[in-house]
Amino acid sequence: MRTEILDYLKGLKFKNFNISDELPFSTSGTAMYSKNPKRVYVDLEQVTGEPFIVLFGDYNVDSEVHSVRLYFSTDAKQLPSDYNQVVSDIRLAKSVTTSEKFFRREVTSSTSFENDLMVTEFEFRFTKLT
Amino acid sequence: MAYINPAPGTANAVTLTLDVAADISDVTQGVGALSVPALQDITINASNDVFTWSQLDSTAKKQIATTATNSLAMNLVVDTASFFGTDLDAAVSGTVAEQGLFGLSRNKTLVNFVLRVENSTSDTFIKGVGYITGLAPTVSADSPVWVSPITITVTGEYTVAAT
């Protein structure tokens, strides 16, 4: 999932933003996306499973949610001119072509402030049956 | 007091097997009986009709039970083989596995059933003969698994046994 999203983002070719292959790790307590504003970081895929239909017998129908988080930071005082377009384009990654059948695709985006930076965070959730 | 607590996901917690019945008294199943998989829930209905009348010497109505309407109602996840059968063109003379639940309904095949209610100490078996009806397979975009209600409308009495 992370690979598909990264490929999609690289294909967008933003004017003011770059896409990083690196993970959004922290050094000395500072996350990479805070050190490098206007660079989009894609975290590793997280997977959670839960019963979807509980049945008598030996098996259940389970659902599996694959979630991927993205981060980037920008100057909080002066937003880049294409900020809204970038957010809008990144959100469209929920419709990225996947090899697996995901029947539910969701995305949430949120912002927070770290000193003079505004951090924009996305969470993509792709749900499939197993 | 001991309650019956089947655990979902456990083999044999509740099992329902079906076989083609020779007549309305045939509750004996062969080795080829179909074990209905992927049950979500099951309800045993035993509904007695009641005849009610009033008497001048009583301030309360009198009632007497007459005949019962019996049926098993359940929901299941559609399993291709057991639902549609191993022979899509199977007629009423086909085996229960060949006809599948859909074929048993379409062919109006008389079936016998054995519902096993597993208990920690001893199991209870509810048996009878009836017809498959009430199939309504459905699927939706946000619940993309075919599920269907199914009713076995029972002809005659239930038989309750320990084996």
Inset, instruction - Taking B:V145 as the residue in question, decide whether it is in contact with a Phe, Trp or Tyr (Cβ under 6 Å, 6 or more places away or on another chain) and within 21 Å of A:I53 (Cα to Cα). - result: no
Legend entry - Test set (1) at pLDDT 90 or above; (2) in a loop (DSSP other than H, G, I, E, B); (3) more than 14 Å from chain B (Cβ to nearest Cβ); (4) in contact with a Ser or Thr (Cβ under 8 Å, 6 or more places away or on another chain) - A:F102 fails condition number: (3)
Inset, instruction - Looking only at the stretch A:18-54, count how many residues are in contact with a Ser or Thr (Cβ under 9 Å, 6 or more places away or on another chain) and either farther than 21 Å from A:M118 by Cβ or among the aromatic types (F, W, Y) (or both). - result: 11
Legend entry - Residue count, the stretch B:55-87 (criterion: loosely packed, with under 15 Cβ neighbours inside 10 Å and of a type in the set (V, I, T)): 6
Legend entry - Flag for A:E64 being within 14 Å of chain B (Cβ to nearest Cβ) and at pLDDT 90 or above: yes
Legend entry - the stretch B:1-39: number of residues that are within 14 Å of chain A (Cβ to nearest Cβ), assigned to a loop (DSSP other than H, G, I, E, B) and hydroxyl-bearing (S, T, Y): 1
Legend entry - Extreme residue, farthest from the other protein chains (Cβ to nearest Cβ), among residues of the stretch A:3-59 that are aliphatic (A, V, I, L, M) and part of a strand (DSSP E or B): A:A31
Inset, instruction - Looking only at the stretch A:46-57, decide whether some residue is touching a residue at least 12 places away in the same chain (Cβ under 8 Å), touching a Gly at 6+ places or on another chain (Cβ under 9 Å) and among the polar types (S, T, N, Q). - result: no
Legend entry - Output for the stretch B:88-109, where each listed residue is touching a Lys or Arg at 6+ places or on another chain (Cβ under 9 Å) and surrounded by 19 or more Cβ atoms within 10 Å (Cβ to Cβ): B:Q99
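The values are calculated or read from the model by the stated rules, or taken from the named source; none is laboratory data. Model, not experiment: these values are computed from the prediction. Cβ sites come from the backbone with ideal geometry, for glycine too, and all protein chains shown count toward neighbours.
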